[in-house]
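This report refers to the structure that appears directly beneath it.
The values are calculated or read from the model by the stated rules, or taken from the named source; none is laboratory data. Everything numeric in this text was worked out from a predicted model, so none of it was measured. No Cβ is skipped: glycine too gets one built from the backbone with ideal geometry, and neighbour counts run over all protein chains shown. Accessible surface areas use protein heavy atoms only, side chains included; no ligands, DNA or RNA. Shrake-Rupley method; radii C 1.70, N 1.55, O 1.52, S 1.80 Å.
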Amino acid sequence: MMTASDDTAAKPAKRSSIDFKTIGPAVALLILCIIGFLLNPAFVSEGNLTNLLTRSAFIGIIAVGATFVITAGGIDLSVGSMAAAISGVMIIIMNNAVETMGSGVPTVLLGCGLAIVLGIGAGWVNGALTTKGKIEAFIVTLGTMGIYRSLVTYFADGGTLSLNFDIRGTYRPVYYDTFLGLPFPVWVFIAVAICGWLLLNRTAFGRYCTAIGSNEAVARYSAINVDRVKTLTYVIQGLCVSFATIIYVPRLGSASASTGVLWELEAIAAVIIGGTVLKGGYGRIGGTILGALILTTIGNILNFTDVISNYLNGTMQGLIIIVAVFLQRSDWKLGKSK
Amino acid sequence: MSVDTTAPAAVIEAVNISKSFGPVPVLFSVSMDVRPGEVHALIGENGAGKSTLMKILSGFHDPTSGQIRLDGKQTDLPPNGGAEKLGVVLIHQELNLAEQMTVEENVFLGRELKSNGFLDKAAMQATVRKYLDEIGLDISPTDRISDLTIAQKQMVEIVKAVSRNARILIMDEPTAVLTEEETQVFFRQVEKLKESGVGIVFVSHKLNEVKEIADRVTILRDGQWIDTRASSDLTPDMMAQMMVGRELSDLYPPMHEADVDAELVLEVQNLRAPSVNNVSFSLRKGEILGFSGLIGSGRTAVFEAICGLAPIEAGTIRLFGRDTGPTTVAQARDLGLAYLTKDRKEKGLLLDKKMRPNLTLFALPKFVRNFRLDSKAEEDALNRAIRRFDVRARDKEITVGKLSGGNQQKLLLAKIMECDPKIVIIDEPTRGIDVGTKQQIYHFIAALAAEGVSVVVISSEMPEIIGICHRVVVMREGHITGVLTGDHINENEIMRYAAGLKREELH
Ligand SMILES: Nc1ncnc2c1ncn2[C@@H]1O[C@H](COP(=O)(O)OP(=O)(O)OP(=O)(O)O)[C@@H](O)[C@H]1O
Ligand SMILES: [Mg+2]
């Protein structure tokens, strides 16, 4: 909850362990980058780096939302399917709006607005079912994951939904254009990350999330509206999914049953690699960002080299996750025995 | 150390034990020994290092220097409860039961009886039932721990230890959560263990109990060994003085007469809620109202309902003359009503967080400036609270779970007072608190009342109810059986109402 810099009075032994947790993911990312550079100097070319950042924006944005859910002791498995369902509905609505509204900016705005409403709504449903319905978050989101996934398949009639060609032209810049040298998705990523960090670390809401994840009963006795805060974490997650979808749709201009597959796992992995505790009570937005970058970097490096097959991407990611969590564990033990 | 040459040889000995957590020293060359068949009490102020010493004696912590001798031989005790195999069993201050498992599963955890490779449930349940009958505990081996009261959980811990054939049984504040009656049952159990040659170490802040049950007493102050003496040489007053190192004035503050004409701040009529049956009472400005009764008589339930922590089924609640329907905890807080839970570990404090976020959690809206938390204001509040409530932490940055039990209680009190309530309900205000601090808390409560704050004290400790309350409500099985004032507030009267021998027709 508090950043390392708040620990001015901490004793040396403790400071080193806290610092380790903060810089661990950063060091890992740095090492990955060095490996990438050694394998192929083109890794650090400007083109590749912006590509890498853009790619990590999707998972990164979703993972910022996941940090809130996990910090408050919940879990959301439905994000990948939710992204697919939202893209599907966006495409259908925009395609249908072409006749009445044309293929200009208003149609795209309609689609984006709709995405945001859907994301918030879907998040609220997850939240309400876990809090008011008193069903385990794992079960609720496992259920909605299946529902959303099958809905896209149904909308696309088993195939692919394609965005109207003219709208694609209007919408394209959202993914492909740059501002001050950085692609738009990266700016969205930065904005979401900053807002997320402020919300989690500097507001009462963030403190409440942490408190609930740490001990729900204590939170309730401390005048915190536990149900509302938990529901809001799912709403934030939904909103983040909307943002990710809005920048994702212009990339391919289509949605199908395979859109967003396994995004939930990558998002959760990014959160955990970043040092957020899976059982709740301790969240780090900065770590999550690094986690998302690490995951994307692995894939990117494998693309660049023949030493390891690209098909082993999942293996590398899996190893990194396990090692990251292992390091956090042993670090905690160290802190305790001192 | 005072060595009695005729005494049997010690089973376990701590010799010149020092302990530091990081750079923070907590124990300074402390020695203590336990003989078979004796009760050795360890007393000292909150944070004196009692729990730490107990954890070292049972292998949960390693000493920084010094030795542990078992039967005269130097031993490195195995960590994490492994010392149980050597016959050294610790019952933690914070109970250590698997909440979701049954009584029987907990008692046999880690050494289940088996027949043909399968668990022998029948045999285990029979054994546990035998122990439960012996101890006079009215629960079933198949009950889930989470459904038991704290007192029952405590007894289960004792059953668990007894069933492990302990040679040395170390108990950290076992009676803190027990009523006097339960304590007597517990002491009979301790006597039995003693007769069978078990050496018992017993930590308690209730000095009368120490006098009653202990053979020898060791006193710690600020991590230093002060003395070890036969308890027959000591009186509770002497113990208290040796603990705090100064003369203690009156434990209870002088009683100011309550103003019987003061306005009513809280009126409860025919309240029905879970475990609460048709309860009516009122509270005046500046009054200290005691709630007495046996554990489970519904005292806590009444106030959890009033403060929005439990649903209200029927009845009216008037706060400051206005009807309030069911409120949320936050609404109750904003109206000036605050409840301090008796269960500080489970409901009171975030044990894995530091003091600052814990202190400000209940009154957090107060610390918001422009949608952001004002960390400077939080820090100031912490410094103020540490001074006002004398919270003693050698290191301000440790997580709250590492504070000594009494200091956790003081921090919890500070947390609740942070919202400046006009009515505060304190459930078991001095559980696990040393005499010196008890005195501070009683004076604090009296001062609050003098300032016009109304205080409800729920307590199972009769003397404190009698010592500080203007008026006492006695409950039994969810009903109010009597309301006592003035000279009627005495142990006898309270017991008769609490036990249901006497009942007042309430107007
Ligand atoms: N794991 C730990 N890390 C750091 N400090 C600790 C740890 N455990 C205990 N302390 C500190 O050691 C001191 C002694 O604590 P201890 O729990 O032994 O006191 P105690 O005598 O049992 O008090 P109480 O009567 O309140 O239970 C306290 O200042 C406490 O904050
Ligand atoms: Mg203790």
Restrict the check to the stretch B:49-61 and report whether at least one residue is away from ligand 2 (no atom under 16 Å from the Cβ) and at pLDDT 90 or above. yes
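Being surrounded by 15 or more Cβ atoms within 10 Å (Cβ to Cβ), within 27 Å of B:SER204 (Cβ to Cβ) and over 26 Å from the mean Cα position of the chain (by Cα) is true for just one of B:LEU90, B:LEU95, B:LEU77. Which residue is that? If you could, list the steps in order and put the result at the bottom.
Numbers: B:LEU90 fails: over 26 Å from the mean Cα position of the chain (by Cα); B:LEU95 fails: over 26 Å from the mean Cα position of the chain (by Cα).
It is B:LEU77.
To keep it simple, each residue is scored yes or no on (1) farther than 18 Å from B:SER282 by Cα; (2) assigned to a helix (DSSP H, G or I); (3) open to solvent by 10 Å² or more (accessible area, probe 1.4 Å); (4) in contact with a Lys or Arg (Cβ under 8 Å, 6 or more places away or on another chain).
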{"residue": "B:LYS438", "(1), (2), (3), (4)": "yes, yes, yes, no"}
{"residue": "B:PHE444", "(1), (2), (3), (4)": "yes, yes, yes, no"}
{"residue": "B:ALA447", "(1), (2), (3), (4)": "yes, yes, yes, no"}
{"residue": "B:VAL456", "(1), (2), (3), (4)": "no, no, no, no"}
{"residue": "B:GLU464", "(1), (2), (3), (4)": "yes, yes, no, yes"}
{"residue": "B:GLY467", "(1), (2), (3), (4)": "yes, yes, yes, no"}
{"residue": "B:VAL472", "(1), (2), (3), (4)": "no, no, no, no"}
{"residue": "B:VAL483", "(1), (2), (3), (4)": "no, no, yes, yes"}
{"residue": "B:ILE494", "(1), (2), (3), (4)": "yes, yes, no, no"}
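When residues of the stretch B:97-122 are filtered for being modelled with pLDDT of 80 or more and of a type in the set (Lys, Arg), how many remain? Can you show your working first?
Initially, the stretch B:97-122 is screened for residues modelled with pLDDT of 80 or more, giving B:97-109, B:112-122.
Applying the additional criterion that residues be of a type in the set (Lys, Arg) yields B:114, B:121.
The number of residues fulfilling the criteria is 2.
Report whether or not A:ALA128 is hydrophobic (A, V, I, L, M, F, W, C), open to solvent by less than 30 Å² (accessible area, probe 1.4 Å) and without any contact (Cβ under 8 Å) to a residue 60 or more places away in the chain.
So A:ALA128 fails the test.
Looking at the stretch A:149-231, what helices (runs of 4 or more DSSP H) fall wholly within it and have at least 2 residues that are open to solvent by 70 Å² or more (accessible area, probe 1.4 Å)? Give the steps one after another, and end with the answer.
Values: elements: A:165-171, A:173-176, A:184-202, A:204-214, A:216-221.
Counting at least 2 such residues, we get A:165-171, A:184-202, A:216-221.
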Query raised in the report: Does at least one position in the stretch A:252-270 carry a residue that is open to solvent by 10 Å² or more (accessible area, probe 1.4 Å) and within 11 Å of another protein chain (Cβ to nearest Cβ)?
Result: no
Of the residues in the stretch B:428-469, those that are farther than 19 Å from B:ALA385 by Cα, β-branched (Val, Ile, Thr) and within 16 Å of ligand 1 (Cβ to nearest atom) come to B:VAL435
Determine whether the stretch B:286-309 contains at least one residue that is closer than 17 Å to B:LEU335 by Cβ and aromatic (Phe, Trp, Tyr). yes
Taking the stretch B:53-74 and keeping residues within 16 Å of ligand 1 (Cβ to nearest atom), under 18 Å from B:LEU42 (Cβ atoms) and either more than 14 Å from chain A (Cβ to nearest Cβ) or open to solvent by 60 Å² or more (accessible area, probe 1.4 Å) (or both) leaves B:LEU53, B:MET54, B:LEU57, B:SER58, B:PHE60, B:GLY66
Taking the stretch B:10-52 and keeping only residues that are more than 9 Å from ligand 1 (Cβ to nearest atom), in contact with a helix residue (DSSP H, G or I) (Cβ under 6 Å, 6 or more places away or on another chain) and either open to solvent by 20 Å² or more (accessible area, probe 1.4 Å) or within 14 Å of chain A (Cβ to nearest Cβ) (or both), one is left with B:GLY37
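Any residue that is away from ligand 1 (no atom under 16 Å from the Cβ), of a type in the set (Lys, Arg) and either open to solvent by 10 Å² or more (accessible area, probe 1.4 Å) or not in a helix (DSSP H, G or I) (or both) - is there at least one of those in the stretch B:405-420?
We begin by selecting, within the stretch B:405-420, every residue away from ligand 1 (no atom under 16 Å from the Cβ); these are B:415-420.
From what's left, of a type in the set (Lys, Arg): B:415.
Right, trim to either open to solvent by 10 Å² or more (accessible area, probe 1.4 Å) or not in a helix (DSSP H, G or I) (or both) and you get none.
Within the stretch B:405-420 (the criterion being away from ligand 1 (no atom under 16 Å from the Cβ), of a type in the set (Lys, Arg) and either open to solvent by 10 Å² or more (accessible area, probe 1.4 Å) or not in a helix (DSSP H, G or I) (or both)), the answer is no, since none of the residues qualifies.
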Residue set B:ASP395, B:ASP390; condition within 16 Å of ligand 1 (Cβ to nearest atom), more than 10 Å from chain A (Cβ to nearest Cβ) and surrounded by fewer than 23 Cβ atoms within 10 Å (Cβ to Cβ); output residue B:ASP390
Any chance B:GLU379 is over 20 Å from the mean Cα position of the chain (by Cα), open to solvent by 40 Å² or more (accessible area, probe 1.4 Å) and either more than 30 Å from B:VAL203 (Cα to Cα) or away from ligand 1 (no atom under 16 Å from the Cβ) (or both): yes
Here the qualifying pairs (Cβ atoms under 9 Å; residues six or more apart or on different chains; first in the stretch B:13-41 and outside any strand (DSSP E or B); second polar (S, T, N, Q) and open to solvent by 20 Å² or more (accessible area, probe 1.4 Å)) come out as B:GLY37/B:SER196
Quick count over the stretch B:341-353, residues being over 15 Å from B:GLY405 (Cβ atoms) and either more than 7 Å from every other protein chain (Cβ to nearest Cβ) or of a type in the set (S, T, N, Q) (or both), is 0
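Kindly evaluate A:VAL235 against the criterion of being open to solvent by less than 10 Å² (accessible area, probe 1.4 Å), more than 10 Å from every other protein chain (Cβ to nearest Cβ) and either among the aliphatic types (A, V, I, L, M) or without any contact (Cβ under 8 Å) to a residue 40 or more places away in the chain (or both). Spell out the reasoning first.
Numbers: open to solvent by less than 10 Å² (accessible area, probe 1.4 Å): no; more than 10 Å from every other protein chain (Cβ to nearest Cβ): yes; either among the aliphatic types (A, V, I, L, M) or without any contact (Cβ under 8 Å) to a residue 40 or more places away in the chain (or both): yes.
No.
In the stretch B:315-336, what residues are in a strand (DSSP E or B), touching a residue at least 40 places away in the same chain (Cβ under 8 Å) and open to solvent by less than 40 Å² (accessible area, probe 1.4 Å)?
If we filter the stretch B:315-336 for residues that are in a strand (DSSP E or B), which is where we start, we get B:315-319, B:322-324.
Checking the rest, the ones that are also touching a residue at least 40 places away in the same chain (Cβ under 8 Å) come to B:315-319.
Scanning the stretch B:315-336 gives B:ILE317, B:LEU319.
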Here the residues within the stretch B:387-417 that are among the basic types (Lys, Arg) and either within 16 Å of ligand 2 (Cβ to nearest atom) or within 17 Å of the chain's Cα centre (by Cα) (or both) are B:ARG392, B:ARG394, B:LYS402, B:LYS410
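Picking from B:GLU182, B:GLU173, which residue would you name as being charged (D, E, K, R), within 16 Å of ligand 1 (Cβ to nearest atom) and either crowded, with 20+ Cβ neighbours inside 10 Å or within 14 Å of chain A (Cβ to nearest Cβ) (or both)? Spell out the reasoning first.
Working: B:GLU182 fails: within 16 Å of ligand 1 (Cβ to nearest atom).
When all the criteria are applied, what remains is B:GLU173.
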